[in-house]
Each structure stands twice: as C-alpha cells, then as structure tokens.
Amino acid sequence: MRAWPGGLPQGPGRRNRPALALLAGLLILVSAACGPRRLSLPSGAGQPFPGFGAAFDEATRPCRAIDTMTAELGVSGRVGGQRLRGRVLAGFSRPASLRLEGLAPFGPPAFILVSSGGRATLLLPRDRAVLEGEPPEAIIDALVGLPLAPATLHAILAGCGLVASDATAGLAFGEGWARIEGAAGESTWLRQDGSGHWSVIAAVANSLRVEYEEREGGVPRRVLLELVDAEPRTELRLRVAGADLNVALGDEAFTVEIPDKARPITLGELRRAGPLGR
C-alpha cells in the first residue's frame with residue numbers, strides 16, 4: 001500500500017482517467033445516482049434563545065478538537081451542468097494546511113494539491129504539469145466550482161459547518177431546532193436530540209450551504225455542499241471513509257516535489273479544462 005510523505009496511508013478503490021483533460025484527474029464524468037432526500041430547515045422569525053452560546057459550544061466542541069484529519073472522500077454531484085464522480089485522499093492540519101490526492105487505478109496519482117501558508121501547488125504527475133502560487137480556494141473553485149479554503153473544508157469534514165468561529169446570536173425554533181449566527185457571518189443550524197444533546201445539522205455562508213446527511217460516532221459520513229441559487233446547478237456530495245483524527249502529520253505531508261521539466265499551467269487553463277469551462 002502506497003503512502004503519502006509522513007506515512008499517511010492511501011486507501012483502496014481507486015478509479016480515474018488522465019489528468020488535465022478531466023479536471024486534472026479529480027473527477028470522472030458519470031451518471032450520478034439520486035441522493036438522499038433534501039433537508040427542510042425551519043422557517044419563520046424564531047424565538048429568542050438565551051442559551052445559544054452553550055448550545056453552540058456543545059455542538060462544536062468535538063469538531064473544534066480535531067486538529068488534524070485524514071480521510072478518503074467519495075465525490076459525486078453536479079457542477080456546471082455536468083454530473084461528476086471521483087475519489088480523493090484528503091489530509092488537513094490546523095490552521096490551514098491541506099493535501100488532496102486524486103486516486104488512480106494504478107501508477108502515480110492523477111493529481112496532488114497541497115497548500116500551506118495561503119499558497120497552493122497543484123501537480124499533475126501524468127502530464128508533468130504544475131500550477132503554483134495561486135490561492136488554494138481559487139484552484140478548488142476552478143476544479144469543482146466551489147471556492148473552498150483549506151480551513152473551511154477542514155471545518156466541513158470535521159463536522160463544524162462552514163467555520164468554527166464564535167457564536168454571536170441565536171434563535172430557537174420548534175422541534176429542537178436553533179439557528180446560531182457566527183462571528184464570520186455564517187449561520188449554523190443545530191438540532192437537539194431526545195437526550196438533549198445539540199448537533200450541527202447544516203450551515204450557510206454567503207451562497208454556500210452545507211448539510212450533514214449522516215454521521216457515525218459524531219463524525220460526518222455523508223455531506224452535501226451546494227451553491228444556493230447558482231446557475232447552472234452546483235451540488236456535490238461527499239462520502240467520508242476511513243477518517244483518522246488527530247494523527248501526527250509532518251510538514252512534509254503538505255509539500256510536493258516538482259519533477260524536472262514540469263510544464264507550468266495557468267489557473268485559466270485549469271478552469272477551461274473543468275466543468276465550468278465546458
């Protein structure tokens with residue numbers, strides 16, 4: 001079994017195609033199956049919720065404690081009118097380090113995206129091509145139409161919603177629902193179970209919406225990401241498998257060696273190769 005730098009294991013079940021021609025190998029164009037039924041969030045003005053701070057702290061305490069995380073992601077959905085599917089090995093370390101590696105059926109990865117300190121490098125080993133110096137959220141946006149910064153993606157997969165900022169206000173709704181407003185401008189929806197425990201169910205910030213469709217032991221297993229009111233429709237579902245939490249990740253896990261004579265490409269080339277450029 002192959003490993004990342006720093007000893008991160010690569011999981012089984014890899015499918016992909018040559019790199020730049022299909023989203024740098026990130027996703028395969030297929031016919032995606034219908035997803036689970038969409039979540040209906042409460043509407044209306046709500047009621048004052050004096051205990052919003054304690055509820056938010058209880059719901060986000062486990063995910064805030066996840067400083068590092070690795071997992072294999074199954075990705076499916078619709079971006080720019082195209083149905084997409086693929087598998088990605090992911091690793092995160094606070095505050096904002098990221099590694100995404102496209103899983104190929106054999107040989108080298110279809111792509112490697114690393115980021116640390118606000119700048120990212122995308123390597124396409126099969127094309128001997130490289131994109132350097134761009135913000136990571138710009139590269140991810142070019143690939144899948146969602147401008148996700150490393151810290152945001154980490155928060156999503158850890159179960160905190162869109163960001164883990166401090167709660168500033170809250171409203172209560174019927175059937176154990178609450179909406180918490182965060183310091184970064186996001187709204188996080190919580191729900192209280194029969195034992196009185198609060199959990200994060202969904203979050204909205206600007207046009208991006210996140211829903212947690214399934215959890216196991218508090219860790220997300222199925223996550224929906226959607227650009228609200230976007231045309232054409234942008235919606236991705238993530239299946240999280242083999243998550244390892246708070247494992248030791250060295251700095252080398254978030255770097256990549258650029259081969260000699262690698263061909264530089266631009267963000268525009270990458271965007272034109274993706275579903276938004278078709």
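Numbers below:
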{"read-out": "Residue-by-residue Karplus 3J(HN,Hα) for segment 193-204, coefficients 6.51, -1.76, 1.60, Hz, glycine and proline x", "value": "7, x, 8, x, 7, 8, 9, 7, 10, 7, 8, 9"}
{"read-out": "Surface share of carbon and sulfur [accessible, 1.4 angstrom probe, percent] for segment 122-278", "value": "47 percent"}
{"read-out": "Among ALA243, PHE254, GLY268 the positive-end extreme of the charge dipole of segment 221-278 (Cβ point charges)", "value": "GLY268"}
{"read-out": "Relative contact order (percent, whole number), segment 106-175, Cα cutoff 8 Å, 6+ residue spacing", "value": "17 percent"}
{"read-out": "Probe 1.4 Å - accessible area at ASP251, Å² to nearest ten", "value": "130 Å²"}
{"read-out": "Solvent-accessible area of ARG87 with every protein chain in place, 1.4 Å probe, in Å² to the nearest 10", "value": "80 Å²"}
{"read-out": "Where segment 84-215 is the region considered: accessible area per residue in Å², 1.4 Å probe", "value": "34 Å²"}
{"read-out": "At q = 0.11 Å⁻¹, base-10 log of I(q)/I(0) for segment 62-149 (Debye sum, equal scatterers on each alpha carbon)", "value": "-0.32"}
{"read-out": "THR168 - accessible surface, heavy atoms, 1.4 Å probe, Å² rounded to 10", "value": "80 Å²"}
{"read-out": "Over segment 201-278, relative contact order from alpha-carbon pairs under 8 Å, at least 6 apart, %", "value": "16 percent"}
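The values are calculated or read from the model by the stated rules, or taken from the named source; none is laboratory data. From a predicted model like this one, the values you see are computed outputs, not experimental measurements. Methodologically, a virtual Cβ is constructed for each residue, glycine included, from the backbone with ideal geometry; neighbour enumeration extends over all protein chains shown. Remember, those area values only see protein heavy atoms, side chains included, never the ligands or the DNA or RNA. Shrake-Rupley method; radii C 1.70, N 1.55, O 1.52, S 1.80 Å.
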